[in-house]
DNA sequence: GCCGATTTGTCCGTATGTATC
DNA sequence: CGATACATACGGACAAATCGG
C-alpha cells in the first residue's frame, strides 16, 4: 500500500470523490478540517490536494475552498497523466489484451536511428514490431526500441506478453518519466497489412520517449492506433502571473 | 513578473537549461547549493524543481541528484501542460493567425447539448463556429460553447480575433483548468467545406472543457485539426508505490 | 465600504528517513 | 561505515482572497 502519508490521503479523498461522497461542484472540507481528520500537518494535506488537482479531480479557489471538478462518466476511464503499460490499460478498460510479435532483432544505433529516437550513435538496441489486439481485434501497431543493456535478457516470448512487467518485476528497472507526442499520420503499408483499417487512411500515433528513474533514455516507442479506438486525456492548469 | 519566489527560481533554472548552461543528462547543483545561491528555504527550491519535473525538464534521482532531461530541438516548441489560446500558440510558433467566423448565435442548453457538453439544461450559451487560419491556410475548424453570463458582451467581431484575450483582459475572467480529450474522427461535411483536407478522411480533434478559477464550467470546445498540422505533447511520471 | 473570520497561497526552519556513493 | 543528496513530514508565520455582517 502507499508508503507515504500524503499518498494515502490522496487515495482516500479520490475514493470519496469517485463514490460521490463529495459531489460535483461541491467544496471539500477546509484544509484545517482535513488536518483534524487525518491527524497530519497542513502541508501534507496540501500535497494530496495538489495531486488531486493535477489529475483533474479538484480545483482550489483562493480564499474560498477546494471545488470538485470530477463527474462520473459512463465512458471508459482512460485517465492519463501517469504511465501505464498496454496490458494495464486494457485490463482497466475490461478488454482482453493480446500481442503478436512481427519482428524481434538486435541492432546498433546509426545516425538515422539517432536522429529519430535520440539514442546515441553506437548504442546497442533491441528492435521490436508488434500487433496489439483487444478482444481478438488487431487495433494497434507498436514499434519499440529498447536499450539492450537495460532490457537485458529480453526475448521474443517476453515481448509477446508484457515487456514492462518483465523490466519492472524481473529486472527491477525503475521507470521514471515519459514524454509523449501525439500526431496523426498517413497509414503505411505495414499498418494496412496488420491492422483492420476499414477505410481509414490515417492512424493516431503516440510517440513516447521513456526514461528510467536514473534519468537515462531507455525506450523509444511508436504506438499506432486505429483512429476510432483511440482516446487520450490530458489535464492542464492556466499559469497565473501573466499581465 | 513572477510574484512568487518559487516561480522566479523555476524561470531562472528553466532558462539555464534551455540555454545549455545545464546540459542534457547533467546533474543540477544540489538542493542545498541552490538554497545558498537563491537565499531561500529548501522547500522553495523543491517546489521549483517539482515544477520543472512536471514540465519534463528534469528528473530527480533519490540520493543522487536532479538530472536534466531537456534537449534542445529544431522542432517548433509546442509545449503543453499549460493552457494557451490559439493566438498565443500561433505566435509562439511564428505563424500568422487568422480567423473567419461561420456562425455566431445564442442558444439555451437542452438535453442533447447537456449530454454533449456538460452544461446544465437551461443554461444560456453562445454558440460559435470558426475557421482558423495559419499563414492564410484554413487548417482548423473550431466549435465553441460559452456560458453567456460569463462571456457577457461577446460579439462576432471579438470572436474573429481572440475570445480569450477579451475574457481575460476586458472582462477579467480568471481561467483555471482544462480537461482535454484527444481523438481522431471521420471528417464531416463542414470539415470538408471549410478546411483544405487534401485526401485525408479524418481530423485530429481536441475536445476541451474549461473551468474558471472559481471552478465553474464556462467553455466547451471542439477544435478539429487537419492531421498533418497537428501535434500534441504530454509529460507523465510513473507512479511509485506499486508492488 | 469597512472589518473580521475563514480559507487558500507562500515561505521558513527543522527533524527524520532513505538511497547513493 | 560515513558523507551527501533527495523525500517526507511537522509546525509556525504571514499574505491574499472571499464572504458575511
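Here's a check for you: in the range B:29-67, which residue that is at the interface with chain A (Cβ under 10 Å from one of its Cβ atoms), free of Cβ contacts under 8 Å to residues at least 40 places away in the same chain and under 26 Å from the mean Cα position of the chain (by Cα) is nearest to DNA strand D (Cβ to nearest atom)?
Here the residue is B:60.
Just to be sure I understand, how many residues within the range B:13-28 are under 26 Å from the mean Cα position of the chain (by Cα), within 17 Å of residue B:59 (Cα to Cα) and free of Cβ contacts under 8 Å to residues at least 24 places away in the same chain? Please lay out each step first, then the result.
Step one: list which residues in the range B:13-28 are under 26 Å from the mean Cα position of the chain (by Cα), which gives B:13-20, B:24.
Next, from what is left, pick out any that are within 17 Å of residue B:59 (Cα to Cα): B:13-18, B:20, B:24.
Still in the running and free of Cβ contacts under 8 Å to residues at least 24 places away in the same chain: B:15-16.
Count: 2.
What is the one condition in (1) assigned to a loop (DSSP other than H, G, I, E, B); (2) modelled with pLDDT of 90 or more; (3) closer than 30 Å to residue B:167 by Cβ that residue B:63 does not satisfy?
That leaves (3) as the condition not met.
I'm trying to understand the selection: among the residues of the range A:1-28, which are surrounded by fewer than 17 Cβ atoms within 10 Å (Cβ to Cβ), more than 12 Å from DNA strand C (Cβ to nearest atom) and within 9 Å of chain B (Cβ to nearest Cβ)?
A:1, A:2, A:25
Please verify whether the range A:220-232 includes one or more residues that are at the interface with chain B (Cβ under 7 Å from one of its Cβ atoms), surrounded by 19 or more Cβ atoms within 10 Å (Cβ to Cβ), part of a helix (DSSP H, G or I) and touching a strand residue (DSSP E or B) at 6+ places or on another chain (Cβ under 6 Å).
Here is the first cut: in the range A:220-232, the residues at the interface with chain B (Cβ under 7 Å from one of its Cβ atoms) are A:227, A:230-232.
Okay, now just the ones that are also surrounded by 19 or more Cβ atoms within 10 Å (Cβ to Cβ), so A:227, A:230, A:232.
Next cut, part of a helix (DSSP H, G or I) only: A:227.
Checking the rest, the ones that are also touching a strand residue (DSSP E or B) at 6+ places or on another chain (Cβ under 6 Å) come to A:227.
Within the range A:220-232, one or more residues are at the interface with chain B (Cβ under 7 Å from one of its Cβ atoms), surrounded by 19 or more Cβ atoms within 10 Å (Cβ to Cβ), part of a helix (DSSP H, G or I) and touching a strand residue (DSSP E or B) at 6+ places or on another chain (Cβ under 6 Å).
Condition first: surrounded by fewer than 16 Cβ atoms within 10 Å (Cβ to Cβ) and in contact with a helix residue (DSSP H, G or I) (Cβ under 8 Å, 6 or more places away or on another chain). Now tell me which residues in the range B:114-152 satisfy that.
B:120, B:121 - these are the residues of the range B:114-152 that are surrounded by fewer than 16 Cβ atoms within 10 Å (Cβ to Cβ) and in contact with a helix residue (DSSP H, G or I) (Cβ under 8 Å, 6 or more places away or on another chain).
Tell me, please, whether a residue that is within 16 Å of DNA strand D (Cβ to nearest atom) and either out of contact with any helix residue (DSSP H, G or I) (no Cβ under 8 Å at 6 or more places or on another chain) or part of a helix (DSSP H, G or I) (or both) can be found in the range B:177-199. Talk me through it step by step, then tell me what you get.
Step one: of the range B:177-199, the residues within 16 Å of DNA strand D (Cβ to nearest atom) are B:177.
Within this subset, residues satisfying the condition of being either out of contact with any helix residue (DSSP H, G or I) (no Cβ under 8 Å at 6 or more places or on another chain) or part of a helix (DSSP H, G or I) (or both) are none.
No, because not a single residue in the range B:177-199 is within 16 Å of DNA strand D (Cβ to nearest atom) and either out of contact with any helix residue (DSSP H, G or I) (no Cβ under 8 Å at 6 or more places or on another chain) or part of a helix (DSSP H, G or I) (or both).
Here are A:44, A:108: which of them is within 16 Å of DNA strand C (Cβ to nearest atom) and modelled with pLDDT of 95 or more? Before the answer, list the steps.
Numbers: A:108 fails: within 16 Å of DNA strand C (Cβ to nearest atom).
Sole residue among the options that is within 16 Å of DNA strand C (Cβ to nearest atom) and modelled with pLDDT of 95 or more: A:44.
How many residues, within the range B:29-41, are in a loop (DSSP other than H, G, I, E, B), surrounded by 15 or more Cβ atoms within 10 Å (Cβ to Cβ) and more than 8 Å from DNA strand C (Cβ to nearest atom)? Give the derivation first.
Quick first cut of the range B:29-41, residues in a loop (DSSP other than H, G, I, E, B) only: B:29-30, B:39-41.
Now drop any that are not surrounded by 15 or more Cβ atoms within 10 Å (Cβ to Cβ), which leaves B:29, B:40.
Filter once more, so that each one left must be more than 8 Å from DNA strand C (Cβ to nearest atom): B:29.
Matching residues across the range B:29-41 total 1.
The values are calculated or read from the model by the stated rules, or taken from the named source; none is laboratory data. Since this is a predicted model, take the numbers as computed values, not measurements. Here Cβ is always computed from backbone atoms with ideal geometry, including for glycine, and neighbour counts include all displayed protein chains.
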